[in-house]
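Worksheet: one structure, shown below.
The values are calculated or read from the model by the stated rules, or taken from the named source; none is laboratory data. Since the model is a prediction, treat every value here as computed from it, not as a measurement. When we count neighbours, we look across all protein chains shown, and the Cβ atoms used for this are built from the backbone with ideal geometry, even at glycine. Quick note on the areas: whole protein, heavy atoms, side chains included, nothing else; ligands and nucleic acids left out. Shrake-Rupley method; radii C 1.70, N 1.55, O 1.52, S 1.80 Å.
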Amino acid sequence: MTRVWRWNRPVTVREVLEDLQKERTVAYTTVMTVMDNLRQKGWLRRDQEGRAYRYAAVSTRAAYSAALMNEAWSASDNPAAALVDFFGMMSPEQVEVLRDALRVVQLNGVHLDGPAEEGEGQER
């Protein structure tokens, strides 16, 4: 996925293979199998171009990261404690990124300073 996200355009198995082979030896069939598995899982879509397929990411890397964080947080038996521990692990730079993200969310109309009014549908 990293290679597909990096290019930010539809890619062929051969392109990914050639890029990977700059760092290590890998078989064409291995890359083809992994990309097809990612397609079957819904992470990639493919369109035929001649005899080859071009694969494109279905979502952004940021959306993927957000889904992973949400999955981990949702799996916690104590989400508040998980957040406290997570925030405690953050570097000063990550805390500043969090502050920036909260400002963006608030600019988009999500209020984080109190409980949601009934019927607003905001999740905490």
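What would the Debye formula give as log10 I(q)/I(0) at q = 0.12, 0.15, 0.18 Å⁻¹ for the alpha-carbon point model of the chain, no solvent?
Calculated log10 I(q)/I(0) at the listed q: -0.69, -0.89, -1.02.
Pop a pseudo-label 7 angstrom from the Cα along the beta-carbon direction at both Val34 and Trp5 and give the gap in nm to one decimal.
So the label points at Val34 and Trp5 sit 1.4 nm apart.
Please tell me the relative contact order of the chain in percent, rounded to the nearest whole number, where contacts are Cα pairs under 8 Å and at least six residues apart.
With pairs under 8 Å counted, the relative contact order is 18 percent.
Taking H as built 1.01 Å from N, whose amide H comes closer than 5 Å to the amide H of Tyr53, not counting residues under 5 places away?
Those qualifying (amide H under 5 Å, at least 5 residues apart or on another chain) are Val13.
Of Asn108, Met35, Ala81, whose Cα points farthest to the positive end of the dipole of the chain (charges on the beta-carbon: +1 Lys, Arg; -1 Asp, Glu; origin at the Cα centre)?
Result: Met35, furthest along the dipole toward the positive end.
Go ahead and estimate [θ] at 222 nm for the chain from helices alone: -39,500 (n - 2.57) per DSSP H run with n ≥ 4, summed, over the residue count, rounded to 500.
-16500 deg cm²/dmol
Can you work out the accessible area per residue across the chain, with the rest of the protein chains kept in place, probe 1.4 Å, in square angstrom? Working shown, then result.
On the way: 9520 Å² over 124 residues.
Here the per-residue accessible area is 77 Å².
With charges only on Cβ, +1 for K and R and -1 for D and E, what is the dipole size of the stretch 10-124 about its Cα centre, in debye, rounded to 20?
That gives a dipole near 800 debye.
Please compute the modelled spin-label separation between Met69 and Glu23, points set 7 Å along Cα→Cβ, answer in nm with one decimal.
So the label points at Glu23 and Met69 sit 2.3 nm apart.
Of the heavy-atom accessible surface of the chain (probe 1.4 angstrom), what whole percent is carbon and sulfur?
For the chain, the apolar C and S fraction of the accessible surface comes to 54 percent.
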